[in-house]
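All remarks here apply to the structure that follows.
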């Protein structure tokens with residue numbers, strides 16, 4: 001009887017030990033699988049972060065390089081082209097006096113007037129290309145200047161409004177926002193066939209909102225975004241990348257025949273709370 005009980009005990013002990021060992025092995029396998037998954041997720045997350053950081057650094061370098069190029073072009077226009085046109089206008093002024101009463105005087109005067117308009121437009125273009133104007137006059141006045149240039153050159157009615165108490169925005173972010181506005185306005189002129197543009201700026205306790213509306217032809221956003229780099233549409237992706245670079249939210253509302261509304265929202269950072 002004792003032998004039978006001992007045998008039973010050994011069997012039960014063996015089974016219990018086997019179960020415990022199997023549970024321990026299962027737990028180890030589960031832990032190993034979960035740990036491996038966590039490592040893979042962590043590595044994937046770090047890889048995505050590195051990729052995002054790299055893309056932001058590349059985009060920042062591209063924007064800074066482009067901005068410096070635009071400044072150089074602006075300076076070249078101001079120093080050389082502007083001066084040459086001014087000299088040409090001086091010569092026309094002299095010619096007007098010498099040909100006073102001549103039958104071709106009216107044509108010379110008209111040409112002189114056109115040249116004056118060209119000089120004025122060249123100077124406005126030069127200021128728009130140079131981001132130093134932004135640091136001097138601020139985002140509000142720089143955007144108003146762009147709208148004024150469009151009204152004079154493209155014959156489009158432009159409206160501008162602002163609400164809320166201004167707060168300062170980081171200089172680099174401000175340049176990116178300004179260049180985004182310039183690109184949007186340029187796209188409206190080239191593609192929208194609009195007769196009216198409205199820009200509104202709104203400063204709230206938490207955000208800076210910038211809305212750009214046009215009454216143009218509109219478009220199918222998905223189709224335009226999916227076009228390849230050789231077609232129009234890459235500009236939208238470029239705007240989205242720039243918005244992401246400065247931590248802004250970009251929304252586009254459009255449809256064929258219903259115009260386009262582009263909304264840029266930039267959160268107010270602690271550093272900008274002044």
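The values are calculated or read from the model by the stated rules, or taken from the named source; none is laboratory data. Keep in mind that this is a model prediction, so the values were computed, not measured. Cβ: placed from backbone, ideal geometry, glycine included. Neighbour counts: every protein chain shown.
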*List every residue pair whose Cβ atoms sit under 7 Å apart, with the two residues 6 or more apart in sequence or on different chains, where the first one lies in the stretch 87-104 and is assigned to a loop (DSSP other than H, G, I, E, B) and the second, anywhere, is surrounded by 13 or more Cβ atoms within 10 Å (Cβ to Cβ) and at pLDDT below 80.*
99/105; 99/108
*Looking at (1) buried (at least 20 other Cβ atoms within 10 Å of the Cβ); (2) under 23 Å from residue 243 (Cβ atoms); (3) in contact (Cβ under 8 Å) with a residue 40 or more places away in the chain, can you tell me which one residue 162 breaks?*
(1)
*Hey, any hits in the stretch 152-170 for a residue that's in a helix (DSSP H, G or I) and within 18 Å of the chain's Cα centre (by Cα)?*
no
*Qualifying residue in the stretch 139-147 (condition: at pLDDT below 75 and either farther than 25 Å from residue 174 by Cβ or under 30 Å from the mean Cα position of the chain (by Cα) (or both))*: no
